[in-house]
Amino acid sequence: MNTLDPTHPLAAGRTASSRLVRAYQGERQAVTPVWFMRQAGRSLPEYRELRVGTRMLDACLDPALASEITLQPVRRHGVDAGIFFSDIVIPLRLAGVDVDIVPGKGPVLGSPVRTAEDVDRLTAVDPASLDAEVFAPIAEAVRITIAELGDTPLIGFAGAPFTLAAYLVEGGPSKDHIRARTLMHADPAAWAKLMAWTADITGAFLRAQVLAGASAAQLFDSWAGSLSLQDYTEHVAPASTRALSHVRDLTYDVPAADGAEDAQTRNVPIVHFGVGTGELLKAMHEVGADVVGVDYRIPLDEASRRLGHVVPIQGNIDPAVLDAPWEVLEAHVVDVLERGVDAPSHVLNLGHGVPPETDPAVLTRLVEFVHSR
Ligand code: CP3
């Protein structure tokens with residue numbers, strides 16, 4: 001049964017047969033779809049120009065600006081998807097948390113959440129109060145964007161509860177997220193409460209993007225690589241499942257293929273990505289993802305083996321190689337594509353975000369190369 005609006009790009013048939021969505025659904029594509037994490041942003045001169053005088057989070061909450069920034073890399077590079085321009089801390093900001101993004105540093109909190117009392121204060125805001133009205137600038141930006149994108153899918157995204165909690169507890173960027181991991185063990189009840197609240201806030205943000213027209217959803221657990229498998233499974237995975245439950249029920253129908261009887265119901269594909277998460281790949285799939293994003297530290301065939309050879313994968317060009325001579329980059333990309341054959345399907349991406357210094361012409365050339373193979 002269709003639970004998306006009939007005008008949604010997936011339900012209306014605009015993006016359901018795109019290379020990206022089909023690869024996310026497990027169908028290998030003759031041409032491997034490609035997009036880049038952080039494709040919007042500082043590597044593009046047109047982005048730097050537009051952002052002059054506007055703070056990062058204000059840019060995210062300005063629908064026309066957020067939409068234009070989302071579209072810039074799609075126009076320039078011809079990638080197979082747009083990723084919505086926003087930030088993982090936006091739902092925190094919308095929930096009234098004092099958070100800002102300091103240029104060159106990252107998210108910084110006015111007051112860190114360190115104790116059970118801090119957790120009680122934070123979670124006093126009912127996640128249900130983040131309603132359609134609160135997310136209106138997000139939904140509006142998505143609507144403007146998908147109208148321009150036509151049959152190119154837009155990917156919505158959100159931060160996973162652990163990565164958000166790492167910022168909340170530390171108060172800013174940190175290396176090993178040690179205070180967050182201490183709270184997890186020192187006060188498991190407060191930790192669980194913090195994680196459940198964060199899951200509902202970030203899940204609502206993701207749902208708002210999909211309902212407004214995103215054709216896939218990516219959960220970023222960027223910092224989960226600092227966790228042991230046991231801590232991940234016990235103290236983090238349940239909250240990630242809870243976050244994804246906010247979009248898991250969203251489905252669309254595809255017409256019956258030739259010869260088949262009935263239309264098929266599919267869920268909006270969900271991608272789950274983390275950095276340094278080679279040991280967690282299977283657990284990250286099991287929280288309720290359809291596709292697993294792999295960073296550059298392990299080869300895709302090994303990642304696929306760890307996933308039982310049955311899970312679509314996304315990744316994993318080493319961003320460091322973008323600035324190497326073209327022949328070196330080309331050989332690396334071919335190697336990634338060949339290793340990706342081990343999985344049922346593959347979406348080419350970087351193993352983490354585009355570095356700000358990257359020459360955008362290299363990204364354009366890379367897309368042309370992949371599309372012409
Ligand atoms: O193109 C895209 O990928 C879409 C936009 C996007 C942004 N942030 C825009 C942004 C996405 C998907 C994110 C997610 C995000 N934000 C993550 C998860 C992905 C990852 O990289 O692991 C994390 C951990 C954050 C938190 C965050 N926000 C950091 C670490 C930073 C960088 C700080 C800096 O200045 O180096 C930000 C700011 C940010 N988010 C920028 C952009 C384009 C740079 C801000 C600027 O241009 O001034």
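The values are calculated or read from the model by the stated rules, or taken from the named source; none is laboratory data. Keep in mind the model is a prediction, meaning the values are calculated, not measured. Counting neighbours? That spans all protein chains shown, and the Cβs are built from the backbone with ideal geometry, glycine included.
Data overview
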quantity: Unique residue being farther than 27 Å from Ala343 by Cβ, crowded, with 24+ Cβ neighbours inside 10 Å and among the hydrophobic types (A, V, I, L, M, F, W, C) when the list is Ala212, Ala192; calculated: Ala212
quantity: Tally, over the range 120-178, of residues that are among the small types (Gly, Ala, Ser) and either outside any helix (DSSP H, G or I) or touching a strand residue (DSSP E or B) at 6+ places or on another chain (Cβ under 9 Å) (or both); calculated: 10
quantity: Boolean, Ser111 is among the polar types (S, T, N, Q), at pLDDT 95 or above, surrounded by 17 or more Cβ atoms within 10 Å (Cβ to Cβ) and not in a strand (DSSP E or B); calculated: no
quantity: Check on Val354, among the β-branched types (Val, Ile, Thr), under 17 Å from the mean Cα position of the chain (by Cα) and either closer than 24 Å to Ser43 by Cβ or not in a helix (DSSP H, G or I) (or both); calculated: yes
quantity: Selection count where residues are near the ligand (Cβ under 9 Å from one of its atoms), aromatic (Phe, Trp, Tyr) and surrounded by 24 or more Cβ atoms within 10 Å (Cβ to Cβ), scope the range 152-167; calculated: 1
quantity: Unique match (being within 16 Å of the ligand (Cβ to nearest atom), of a type in the set (A, V, I, L, M, F, W, C), buried (at least 20 other Cβ atoms within 10 Å of the Cβ) and modelled with pLDDT of 95 or more) among Val292, Val287; calculated: Val292
quantity: Qualifying residue in the range 77-91 (condition: loosely packed, with under 15 Cβ neighbours inside 10 Å, away from the ligand (no atom under 11 Å from the Cβ), within 20 Å of the chain's Cα centre (by Cα) and not hydrophobic (A, V, I, L, M, F, W, C)); calculated: yes
quantity: Residues located in the range 323-373, provided they are buried (at least 17 other Cβ atoms within 10 Å of the Cβ) and acidic (Asp, Glu); calculated: Asp342
quantity: Where a residue in the range 47-74 is more than 21 Å from Gly150 (Cβ to Cβ) and within 9 Å of the ligand (Cβ to nearest atom) and its partner, wherever it lies, is outside any helix (DSSP H, G or I) and among the polar types (S, T, N, Q), with Cβ under 8 Å and at least six apart; calculated: Cys60/Ser86
quantity: Subset tally (residues that are without any contact (Cβ under 8 Å) to a residue 40 or more places away in the chain and in contact with a Ser or Thr (Cβ under 9 Å, 6 or more places away or on another chain)) for the range 319-340; calculated: 2
quantity: Complete set of residues in the range 92-123 that are within 16 Å of the ligand (Cβ to nearest atom) and among the aliphatic types (A, V, I, L, M); calculated: Leu92, Leu94, Val97, Val99, Ile101, Val102, Val108, Leu109
quantity: Considering residues of the range 29-46 that are closer than 23 Å to Val333 by Cα, away from the ligand (no atom under 11 Å from the Cβ) and not β-branched (Val, Ile, Thr) only, the residue surrounded by the most Cβ atoms within 10 Å (Cβ to Cβ); calculated: Pro33
quantity: Qualifying positions in the range 173-200 - of a type in the set (Ser, Thr, Tyr) and closer than 16 Å to Leu244 by Cα; calculated: Thr198
quantity: Which listed residue is in contact with a Leu (Cβ under 7 Å, 6 or more places away or on another chain) and within 24 Å of Thr202 (Cβ to Cβ), from Val291, Val236, Val275; calculated: Val236
quantity: Cβ-Cβ under 7 Å pairs, at least 6 apart or on other chains, the range 301-318 side on the phi > 0 side of the Ramachandran plot and modelled with pLDDT of 95 or more, far side assigned to a loop (DSSP other than H, G, I, E, B) and β-branched (Val, Ile, Thr); calculated: Gly315/Val294
quantity: Test: residue in the range 93-115 that is in contact with a helix residue (DSSP H, G or I) (Cβ under 6 Å, 6 or more places away or on another chain) and closer than 17 Å to Ser222 by Cα; calculated: yes
